[in-house]
1. Check 172, 159 and return the single one that is farther than 17 Å from residue 252 by Cα, more than 16 Å from ligand 2 (Cβ to nearest atom) and not charged (D, E, K, R).
2. Sort out which residues of segment 259-288 are hydrophobic (A, V, I, L, M, F, W, C) and more than 15 Å from residue 375 (Cα to Cα), and write them in order of number.
3. So, of the residues in segment 255-277 that are more than 10 Å from ligand 1 (Cβ to nearest atom) and not in a helix (DSSP H, G or I), which turns out to be nearest to residue 7 (Cα to Cα)?
4. So which strands (runs of 3 or more DSSP E) are wholly in segment 1-90 and hold at least 2 residues that are assigned by TED's automatic domain parsing to the domain that holds residue 109 and acidic (Asp, Glu)?
5. Scan 123, 134, 191 and give me the residue that is touching an Asp or Glu at 6+ places or on another chain (Cβ under 9 Å) and modelled with pLDDT of 95 or more.
6. Specify which of the listed residues (329, 348) is crowded, with 18+ Cβ neighbours inside 10 Å, under 22 Å from residue 205 (Cβ atoms), in the same structural domain as residue 216 (by TED's automatic domain parsing) and touching a helix residue (DSSP H, G or I) at 6+ places or on another chain (Cβ under 7 Å).
7. At least 1 residues that are under 25 Å from residue 230 (Cβ atoms) in each: list the helices (runs of 4 or more DSSP H) lying fully within segment 315-395 that qualify.
8. Out of the residues in segment 207-222 that are assigned to a helix (DSSP H, G or I) and surrounded by fewer than 19 Cβ atoms within 10 Å (Cβ to Cβ), which is farthest from ligand 2 (Cβ to nearest atom)?
Amino acid sequence: MENFIFQNPTRITFGKGAENQVGHEVLPYAKKILLHYGGGSIKKTGLYQKVISSLKEAGIEFIELSGVQPNPRLSLVHEGIKICREQRIQLVLAVGGGSVIDSAKAIGAGVPYSGDVWDFYTGKAVPKETLPVGTILTIPAAGSEASNSAVITNEDGWFKRGLTSDLIYPKFSILNPELAFTLPKHQVACGVSDIMAHLMERYFTNTPNVELTDRLCESTLKTIINNAPLVLEQPDNYDAWAEVMWGGTVAHNNLLNTGRTGDWASHDIEHELSGIYDVAHGAGLAVIFPAWMKYVYQHDLNRFVQYAVRVWNVENSFRTPERTALEGIRRLENFYHSMGLATDLKGIGIDDNRLEEMASKCTNSGHSTVGNFVKLGQGDVLQILKLSGINTAKK
Ligand code: NZQ
Ligand code: ZN
C-alpha cells in the first residue's frame, strides 16, 4: 500500500425529504447565493419549488442561473462568474447532476481569480481560493457531489478537460434517492456505467498489497450490479436507489483509491468522445472501457482473473486464466447491453472519421501519455478507439 492522506470534507445529508433542509445547510456560509441548475428537469419534478421554499424560510436571497447542458460549457461558467462578482454572491448552490455541479465548481473557482478560469484546466494556474459550493444531487452518476474535480468543455476547439483541487470539494451535498425516481432509463444506465467506471479505474492498479480497497471496490461494484436492474424495472424502488446513490458517491469520493494509484485512461479517452460528439459520458465509457480492457489485460492477467471471478462470478476454472479474464470482460459488455447501452462507437452514433484527431488531442499531440496501469501513447489510444468500433460481445 502507498502512503496517503485522506480527507473528504463534504458533509452529506442523505435520505427522504433531505432537500427541505437546504436553507439550513446554506446558512453557515451565505445569505446570498447563486441557484444554478440545468435544462428544467427540477421544475418538472417539483424540486425547484421545494428548494426556493426552504431558502426563503431561512431568509436566503438567491439569483438564478439555469441552462447548464450535459457536458457543461465554459461560456455559461463565464456568465456565472460575472453574475457572482456583480451580485456579491457568497455560495453557489448546484441543483442537478454532475454537469450542474461541475459548472458550479468552475464558477466558484473562477470568481476570486483575476485571469480566465480556463487557465485552471490547461495547467497555466492553480486555484488558491474559491467560493463555497453546495449541491442537491438529482442523478447518481458522476460522483461530483463529493469529489475534488470538475470537468468543463471549452467550445473553442471542443476541449473537455478536468480541474482537480481539494479546494473544490463541495461544502455540503444533499442526497435524497427519491429525487432519482424521475430519471429517463437512458440516463439511469449512463449513470450506472459512470459509477462502475469510477470503481474500475481505481481497481486496475499496479500497486501491490491493497486487499482492503480491492474488496471495497468489488463490493461496491457488486452492489451497483445487483441494484441497477431493480431501479431500471422499478423507478420508485427507494431502497434500490439508495444503494445506487450512495454507491455512486462512495465510488468517487476518493476513499476507494487510498493507498493505490488508479488508471484513468478510459476516462481521458472518453472525454474526447463526449467533448467532440456531445454523447453522455456514461454512454462513452460503456464503449471505451471494454476496448481498453481487451487492449491491456495481458499486462496483469491475474488482476483481470480476480476481477472476473470476484465481480462477475466467473468460475476460476473457466478453461484457462486468459479465457477467465476475457469472460469477465464479456460479462461486463453484456451487462451494459442489458441496460440498453451500446459497446461500440457506431452504437453511439460515432463513425471512424476523427479517431486520429481524438488520439492526438488525448495525448497532447503525442507528447504525453494517458493511464497508469499501462501508460498509453497516441498509437495505443488510436488502437483502443479502433477496437471500440467493433462490438464483440455475444448475448
Ligand atoms: O438539465 P436537466 O433538465 O436537469 O436534465 C438532466 C440532464 O439532461 C437530466 N436529469 C438529471 N437529474 C434528473 C434528470 N432528469 C429527470 N429527473 C432527474 N432527477 O439528466 C441529464 C444528464 O445530467 P448530467 O448532469 O449531465 O449527468 P451526470 O451526472 O452524468 O454528469 C455528467 C457530467 O459529469 C462529468 C462528465 O464528464 C459529464 O460532463 N464528470 C464529472 C466528474 C467529477 N466532477 O468528479 C467525474 C466524472 O468522471 C465525469 O467526468
Ligand atoms: Zn466518470
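The values are calculated or read from the model by the stated rules, or taken from the named source; none is laboratory data. All of these numbers come straight from a predicted model, not from anything done at the bench. Cβ: placed from backbone, ideal geometry, glycine included. Neighbour counts: every protein chain shown.
1. 159
2. So in segment 259-288, the residues hydrophobic (A, V, I, L, M, F, W, C) come out as 264-265, 269, 273, 276, 279-280, 283, 285-288.
273, 276, 279, 280, 283, 285, 286, 287, 288, listed by residue number.
3. Top of the filtered list is 258.
4. Result: 61-65.
5. Checking each option against the conditions leaves just 134.
6. When all the criteria are applied, what remains is 329.
7. Details: elements: 321-338, 355-362, 378-388.
The helices (runs of 4 or more DSSP H) meeting that bar are 321-338.
8. Of segment 207-222, the ones assigned to a helix (DSSP H, G or I) are 211-222.
Remaining after also requiring surrounded by fewer than 19 Cβ atoms within 10 Å (Cβ to Cβ): 211-212, 215, 218-219, 222.
Values: 211: 25, 212: 23, 215: 22, 218: 19, 219: 20, 222: 19 Å.
Looking at the filtered set, the residue picked out is 211.
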